[in-house]
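The structure appears right after this line, and notes come after that.
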Ligand SMILES: *[C@@H]1O[C@H](CO)[C@@H](O)[C@H](O)[C@H]1NC(C)=O
Ligand SMILES: *[C@@H]1O[C@H](CO)[C@@H](O)[C@H](O)[C@H]1NC(C)=O
């Protein structure tokens, strides 16, 4: 009974609004009856004010409509956020200028070292320094941005005759910590060399360099075979 009554009230209320008919006391009576109803209403949240004074369509679905509107709004906001994140990532990638350097020792006939402390080697012949990360006077690469970087160095020394002691050690340093090294200590070889490559995660401003360890020396690099190079493989945010 109640279900039918409320549905009828809704319908009449709607008709009243649509036709703008002066219904007088019969509508007042319906309104009174509707307000007097107790118990569960068929749509769960029927709103008399809505039905009689505002849009007829809001009668039973207003709540659902508002919820839908709300969730659509939040979904759109989420999409908008995702889109603007994507946009800034694309800007970062397309605006990404390469970082790469390649430096080698200026050919020398004599030796560098031995020193009393570990000394960073400055590779004076710069053939590439995109992004200006490498400082040739200090021999230090400073990361212009955070990222995964690849570094290589080659060490070579020639002491001339087999009887002379070939005695070197160089080490690749990241912020004062050794990450790779190469060494030689013998009297059988007169010359030797090696190359190392490492991948490092660097934050902005991290410093990478090659040191000649105290007490050791590098000799007679006639062709600039001692070299140091590095490049940004891909950037990381932060
Ligand atoms: C620097 O290296 C390049 C390429 O290896 C070479 O052609 C040039 O002569 C070198 N310059 C010096 C000053 O050693
Ligand atoms: C120099 O390097 C050597 C070899 O890695 C290390 O044992 C020594 O502690 C270093 N010296 C300084 C002052 O860092």
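Coordinate-derived values only; no laboratory data. Quantities reported herein were computed from a predicted structural model and do not represent experimental measurements. Neighbour counts run over all protein chains shown; Cβ positions are idealised from the backbone, glycine included.
Highest mean first, what order results for 127-133, 78-84 on Cβ atoms within 10 Å? Please report the intermediate quantities before stating the final value.
Working: 127-133: 15.0, 78-84: 9.9.
Highest mean packing first, the order is 127-133, 78-84.
Can you give me the distance in nm between label points at residue 84 and residue 33, each placed 7 Å from the Cα along the Cα-to-Cβ direction?
5.4
Semi-axes of the equivalent ellipsoid for region 84-238, please: Cα gyration tensor eigenvalues, times 5, square-rooted, ordered largest first, whole Å.
Values: eigenvalues 236, 39, 28 Å².
For region 84-238, the semi-axes come out at 34, 14, 12 Å.
Expressed in nm to one decimal, what extension gain is obtained for the pair residue 162 and residue 150 from 0.36 nm per residue of sequence separation less their Cα-Cα distance?
Residue separation times 0.36 nm, minus the Cα-Cα distance, leaves 0.8 nm.
Taking a spot 7 Å from the Cα of residue 120 along the direction of its beta carbon, which residues of region 195-238 have an amide N less than 11 Å from it?
206-211
Could you tell me what a quarter of the Cα convex hull surface of region 170-238 works out to, in nm² with one decimal place? Each step should come with its number before you reach the end.
On the way: hull surface 23.2 nm².
Projected area, direction-averaged: 5.8 nm².
When the chain is fully extended, how far beyond the present Cα-Cα distance does residue 74 get from residue 97, taking 0.36 nm per residue of separation? Write down the numbers at each step before the final one.
Values: separation 23, 0.36 × 23 = 8.28 nm, distance 3.63 nm.
Gain in length upon complete extension: 4.7 nm.
Return the Cα extents of region 71-175 along principal axes one, two and three, sorted largest first, each rounded to a whole Å.
Extents along the principal axes: 83, 23, 22 Å.
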